[in-house]
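A short write-up of the structure that comes next.
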Amino acid sequence: MEHKYTQVIEENKKIIYKVCNLYCKSEIDKEDLFQEIVLRLWKGFSSFEGKSKISTWIYRVSINTAITVNRLNERRPKLSSLEKHGFTIMNEIQESDHNEEITLLLKCINKLNDLEKAIIHLYLDEVSYQEIGAIVGISTSNVATKISRIKIKLKDIIENNANY
């Protein structure tokens with residue numbers, strides 16, 4: 001089972017990286033969240049029933065873990081980051097790979113609430129509405145409505161903050 005788990009994580013690690021990048025700003029927080037997600041996936045791996053795609057399950061666990069960790073971290077005092085001392089942790093997705101428009105979009109997405117971030121992230125990853133609903137726990141029609149509202153909200157954020 002350990003080999004199968006390792007293989008599944010290796011095949012789907014980009015999903016976890018994307019969620020970590022979406023919900024964390026500092027590299028140390030991204031690394032901590034990644035480890036927490038991998039731990040929770042391990043704990044739940046034996047009970048995965050295969051009723052959905054494995055990627056759907058990984059998205060669901062990753063997003064729910066990120067939201068939970070963020071809520072717990074809001075109550076915790078802020079610690080000094082190693083980044084200010086020149087240490088960084090490499091990700092598969094580096095900010096230097098982004099053009100200005102993508103960087104602006106990511107900054108605007110960070111202004112959304114946790115559920116909206118998850119939905120728009122999945123939408124941009126071209127996940128089907130049905131899968132998005134299964135991951136975040138809402139109906140498919142509600143996904144369509146929320147995506148439409150999120151697009152409007154992002155447009156307003158971009159227009160009101162055009163001087164980034």
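What follows draws every value from the coordinates through simple rules; no lab data is involved. Being a predicted model, the structure only gives us computed values, none of them experimental. All Cβ positions, even for glycine, are placed from backbone atoms using ideal geometry, and neighbour counts span all protein chains on display.
What lysines could a cross-link reach from Lys153, if we take a straight Cα to Cα line under 18 Å and drop same-chain neighbours fewer than 8 places away? Cross-link targets: Lys107, Lys111, Lys117. Counted by Cβ distance under 12 Å from Val136, the other residues give a net charge of 0, where Lys and Arg count +1 and Asp and Glu count -1. In this simple spin-label approximation, Ser46 and Leu115 carry label points 7 Å from Cα along the Cα→Cβ vector, and these lie 3.4 nm apart.
Taking 16 Å as the straight-line reach from the Cα of Lys43, the lysines in range (excluding those fewer than 8 positions away in the same chain) are Lys4.
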